[in-house]
Amino acid sequence: MSNGNGMAPGQVVKVLIGVVVFLVVAIWLLAKLATSGFNVDAEVMTKEAVAARLKPVGESVASDAPPGMRNGEQVFKAICISCHGTGLAGSPKFGDAGAWAPRIAKGFDTLVQHALGGFNAMPAKGGAADLSDDEVKRAVAYMANAGGAKFTEPKVGGEGGAALDPNVAGKKIFDSVCTACHSTGAAGAPKFGDKAAWAPRLKPGLDEVVKIATKGLNAMPPKGGFTGSDEEFKAAVEYMVNNSK
């Protein structure tokens, strides 16, 4: 017996099943399309790249460290890994002793010169103009050593290395912390660049100014509320002093 549309009950069931199957397949295809591009094939990534992606939120890689204070590993993971992590554009892949051997043979100074000035497809400083020369040297040593070299990575300031540059590290700390009071003279703070306000404070000498600022004075809390190292704070004080003489 057929229904009013001329279809037998069995045919109706088959049609309904076909419609359900079609809808299921259509939904699956739409979901696949919507999520395409979000899957990462970990097998094509280096161990360093995977580790960088899995790094806990808030853990510093490079951006949190003051300029000049980043070590070779931090610079590599933040910048160099984009090419050296996979061997992109002919760059020697991190940890590939065979690729690094002929480069290591040229010596550390030559590798540093290429890294600082650019070489073949690599731009100067790997395209990160804000890196200090020492940070580039540390990254070069870190990568080369992973490929079999035994270069000495320049020490970071505050760990027996050269003092921080007030115009780089000091300025960054001033812009992020000290400026709140010293740019406006708030709470009696000597205003940045105001020679008259700074003159009596500078008479005892820089070391005494740093000592007083480190302990805090009047409305100013210790280190002005800065939580970094004494070496970093000293660079900030020196930056203000140098621009207020």
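As a summary of the residue check, residue 168 satisfies the conditions (1) closer than 30 Å to residue 237 by Cβ; (2) free of Cβ contacts under 8 Å to residues at least 24 places away in the same chain; (3) open to solvent by 50 Å² or more (accessible area, probe 1.4 Å) except for the one numbered (2).
Flag: residue 136 matches the condition of being hydrophobic (A, V, I, L, M, F, W, C) and either assigned by the TED database to the domain that holds residue 123 or under 23 Å from residue 71 (Cβ atoms) (or both). When every residue of segment 157-172 is checked against the conditions, none turns out to be farther than 18 Å from residue 226 by Cβ, in a helix (DSSP H, G or I) and either modelled with pLDDT under 90 or touching a helix residue (DSSP H, G or I) at 6+ places or on another chain (Cβ under 6 Å) (or both).
Residue-by-condition table, conditions (1) of a type in the set (A, V, I, L, M); (2) within 14 Å of residue 181 (Cα to Cα); (3) in contact with a strand residue (DSSP E or B) (Cβ under 8 Å, 6 or more places away or on another chain):
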site: 204; (1), (2), (3): no, no, no
site: 216; (1), (2), (3): no, yes, no
site: 223; (1), (2), (3): no, yes, no
site: 226; (1), (2), (3): no, yes, no
site: 229; (1), (2), (3): no, no, no
site: 235; (1), (2), (3): yes, no, no
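Reported count of residues in segment 173-195, each being at pLDDT 90 or above, of a type in the set (A, V, I, L, M, F, W, C) and under 14 Å from residue 243 (Cβ atoms), is 2.
Residues in segment 196-232 that are under 18 Å from residue 166 (Cα atoms), modelled with pLDDT of 85 or more and of a type in the set (D, E, K, R): how many? The total comes to 4. Taking the criterion of being farther than 15 Å from residue 133 by Cβ, open to solvent by 40 Å² or more (accessible area, probe 1.4 Å) and not in a helix (DSSP H, G or I), the residues of segment 63-112 that qualify are 63, 64, 86, 93, 95, 96, 105, 106. Scanning segment 222-245 for residues that are assigned to a helix (DSSP H, G or I) and open to solvent by less than 30 Å² (accessible area, probe 1.4 Å) turns up 232, 233, 235, 236, 237, 239, 240, 241.
The values are calculated or read from the model by the stated rules, or taken from the named source; none is laboratory data. Remember, predicted model here, so these are calculated numbers, not experimental data. Counting neighbours? That spans all protein chains shown, and the Cβs are built from the backbone with ideal geometry, glycine included. Calculation scope for accessible area: heavy atoms of the full protein, side chains included, ligands and nucleic acids excluded. Shrake-Rupley method; radii C 1.70, N 1.55, O 1.52, S 1.80 Å.
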